[in-house]
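Each remark here refers to the structure printed beneath this line.
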Amino acid sequence: MKKGFTLVEMLVVIGILAVLVAASLGAYSKITANAEKKRCDSLVRDVAAALTKLNDDNGGLWPSAIGRLGETGGELDERAALPLAPYLGLTKNSDGTSLSGANQFGLVTPWAQDAIKRSGSGASLSTRVPGGGTIQDHRLYCAVDLGDDGIIKGANVGGESVSVRARAIVWCCGKDGKLEAYSKGLKRDDVYSWTKGQATAVE
């Protein structure tokens with residue numbers, strides 16, 4: 001009598017292995033997505049902390065490149081991001097007038113940073129980012145307290161006006177490259193430097 005697997009037994013084993021592999025891939029994808037989101041959360045919080053430190057170091061004044069964004073906010077483009085270079089360990093070009101590397105287009109999400117690294121010198125603001133959107137869509141936004149009262153009044157977060165108890169706030173889209181209205185973004189993948197309890201008004 002020959003010992004070995006029959007065709008049915010082989011098919012059962014292959015089926016079990018396929019189920020295990022599929023389950024593992026699903027779990028791996030979820031772990032990877034959570035790690036990417038945490039990386040973005042950390043970046044947004046770090047930038048908000050750097051803005052606050054910059055304001056402290058300047059005696060409560062904002063550099064004009066950041067102050068121009070005001071309380072309604074705007075993109076942390078190349079110009080606005082430049083004063084934050086020493087606080088975030090960002091590299092400047094040799095002439096010191098712009099950032100280099102993954103931040104050459106300003107402060108962008110980790111997904112956009114990865115796309116810039118992959119594209120190298122061919123990267124532009126219109127370069128597509130895996131997951132959705134372009135590098136421009138993945139720029140970080142910030143708003144700052146100009147009234148010196150610790151409240152940012154009426155930041156334009158995805159088309160909604162949000163007031164937040166903070167001196168500086170930062171927000172961005174998630175991996176999908178779509179910045180939602182604040183009330184929707186809370187339930188989706190957008191990232192904010194403030195907690196829900198800090199938001200004093202949403203209109």
Just name the residue that is modelled with the highest pLDDT out of those in segment 172-197 that are of a type in the set (A, V, I, L, M, F, W, C) and surrounded by fewer than 18 Cβ atoms within 10 Å (Cβ to Cβ).
ALA181
Applying the selection to segment 159-172, what residues are part of a loop (DSSP other than H, G, I, E, B) and either touching a strand residue (DSSP E or B) at 6+ places or on another chain (Cβ under 8 Å) or charged (D, E, K, R) (or both)?
ALA166, ARG167
Out of the residues in segment 131-171 meeting the condition of being within 20 Å of VAL202 (Cα to Cα) and charged (D, E, K, R), tell me which one is surrounded by the fewest Cβ atoms within 10 Å (Cβ to Cβ).
ASP149
Can you name the residue in segment 99-119 that is assigned to a loop (DSSP other than H, G, I, E, B) and of a type in the set (Ser, Thr, Tyr) and is also farthest from HIS138 (Cα to Cα) among such residues?
SER100
What single numbered condition from (1) at pLDDT 75 or above; (2) assigned to a helix (DSSP H, G or I) fails to hold for ALA22?
(1)
Pull out all pairs, ordered by first then second residue, where Cβ-Cβ is under 9 Å, the residues are six or more apart or on different chains, the first lies in segment 113-131 and is on the phi > 0 side of the Ramachandran plot, and the second is modelled with pLDDT of 90 or more and among the small types (Gly, Ala, Ser).
GLY131/GLY174; GLY131/GLY177
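The values are calculated or read from the model by the stated rules, or taken from the named source; none is laboratory data. Not measured: the values here are computed from a predicted model. Glycine gets a Cβ as well: all are built from the backbone with ideal geometry, and neighbour counts include every protein chain shown.
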